[in-house]
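Read through the structure below, which is laid out as structure tokens, and then see the notes.
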Amino acid sequence: MTDFPAGSIWLVGAGPGDPDLLTRKAERLIRAASVIFHDALVGPGVLDLAAPGTRLVHVGKRSGRHSKDQATIDKLIVEAALQGDRVVRLKGGDPAIFGRATEELDAARAAGVPISVCPGITAASAAAASLGTSLTLRGLARKLTFVTAHARAGEPLVLDWQALADPQATLAVYMGKAAAGLLSRELIAAGLPASTPVAMVENASLPTERTLRTRLDLLPLAAQSALGDGPAVLLIGEGLREREQKALASVGKGFAYQRPVSLSSS
Ligand code: SAH
């Protein structure tokens, strides 16, 4: 394969979990790899595409569980390439969004190992698709902000709440479930109306997907009571306000469409 010689690395976006949401290029690279270093969030259906005999190495991290640290991962992928492997570093969603891609690109380049990136569908896009909604809305949500609510272990979460509390923006919050209380409190304190719509999607694109709609002041309660322990993305903003649902209910998705639980009184 001309774009994947032995001794090179591809950082590949695995998308949100549904193998059908892989790009054709990602699928081709997965099939051609001799070793795949993958995250916890890469769906099993995606790994099934690897050729027989491909070495699969789990290097993932889910909060709280033991995992390989970033420096170790950087070292592992570079060493494999130097030994002549075709290395796929498979990451959930898009490698360039909260995916530590820079560290791995730097490590490979420092070692003189060719490395390229194959983009993937990010969790916020999959979540919006599952909700049958748009992340932007003409005149109402002119800006889309990707933000992570994950702080380094032992450090407080420091965010520019004033900048985030923009009534004309949609916020896509990654790793935000544990910070639901803080998000709600700080965004309201910074001026976002308590009634601002919030949608949460857990395990977007997977058969275990759950969607939930609520409002900013009820977010902590909703996050606590209604979600499991899968990855979830929070979408916050006026653009998320529920619209006519009839058309959406008829869209076939391969599994039963569940009307989102609505805690909203508006
Ligand atoms: N690179 C990834 C994000 C990695 S950070 C991407 O582009 O999607 C991990 C966070 O992504 C999770 O905590 C969660 O907030 C979100 N996430 C990843 N997969 C998800 C999924 N299938 N459903 C909902 N959220 C998901």
Quiz item: Among the residues of segment 117-133, is there at least one that is open to solvent by 20 Å² or more (accessible area, probe 1.4 Å), of a type outside the set (Val, Ile, Thr), more than 16 Å from the ligand (Cβ to nearest atom) and assigned to a helix (DSSP H, G or I)?
Solution: no
Self-check item: Every residue from segment 149-189 that is open to solvent by 30 Å² or more (accessible area, probe 1.4 Å) and under 16 Å from residue 237 (Cα atoms)
Solution: 161, 162, 163, 166, 167, 168, 185, 186, 188, 189
Quiz item: Only one of these conditions is not met by residue 49: (1) open to solvent by 20 Å² or more (accessible area, probe 1.4 Å); (2) more than 21 Å from residue 113 (Cβ to Cβ); (3) modelled with pLDDT under 95. Which number is it?
Solution: (3)
Quiz item: How about segment 92-116: which of its residues are surrounded by 14 or more Cβ atoms within 10 Å (Cβ to Cβ) and within 16 Å of the ligand (Cβ to nearest atom)?
Solution: 92, 93, 94, 95, 96, 97, 98, 99, 100, 101, 104, 105
Self-check item: Residue among 79, 27 that alone is without any contact (Cβ under 8 Å) to a residue 40 or more places away in the chain and loosely packed, with under 14 Cβ neighbours inside 10 Å
Solution: 79
Practice problem: Determine if segment 16-23 includes at least one residue that is within 20 Å of residue 233 (Cβ to Cβ), within 15 Å of the ligand (Cβ to nearest atom) and open to solvent by less than 10 Å² (accessible area, probe 1.4 Å). | Solution: yes
Quiz item: Is there a residue being outside the structural domain of residue 145 (by TED's automatic domain parsing) and within 20 Å of residue 124 (Cβ to Cβ) anywhere in segment 63-81?
Solution: yes
Quiz item: Which number in (1) surrounded by fewer than 21 Cβ atoms within 10 Å (Cβ to Cβ); (2) of a type in the set (Lys, Arg); (3) at pLDDT 95 or above marks the one condition that residue 215 misses?
Solution: (1)
Quiz item: Of the residues that make up segment 146-154, is at least one in a loop (DSSP other than H, G, I, E, B) and of a type in the set (Phe, Trp, Tyr)?
Solution: no
Quiz prompt | Residue list for segment 155-208, filter: basic (Lys, Arg) and modelled with pLDDT of 95 or more | solution = 185
Quiz item: For residue 225, which of the numbered conditions (1) over 23 Å from residue 141 (Cα atoms); (2) in contact (Cβ under 8 Å) with a residue 24 or more places away in the chain fails to hold?
Solution: (2)
Quiz item: In segment 213-244, which residues are farther than 13 Å from residue 180 by Cα and away from the ligand (no atom under 12 Å from the Cβ)?
Solution: 213, 237, 238, 239, 240, 241, 242, 243, 244
Quiz item: Here are some conditions: (1) at pLDDT 95 or above; (2) open to solvent by 70 Å² or more (accessible area, probe 1.4 Å); (3) of a type in the set (Lys, Arg). Residue 89 meets all but one. Which one does it not meet?
Solution: (2)
Quiz item: Which of (1) assigned to a loop (DSSP other than H, G, I, E, B); (2) more than 16 Å from the ligand (Cβ to nearest atom) is the odd one out, the single condition residue 157 does not satisfy?
Solution: (2)
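The values are calculated or read from the model by the stated rules, or taken from the named source; none is laboratory data. The structure displayed is predicted, hence computed values, not measured ones. Here Cβ is always computed from backbone atoms with ideal geometry, including for glycine, and neighbour counts include all displayed protein chains. Side chains included, ligands, DNA and RNA excluded: accessible areas come from the protein's heavy atoms. Shrake-Rupley method; radii C 1.70, N 1.55, O 1.52, S 1.80 Å.
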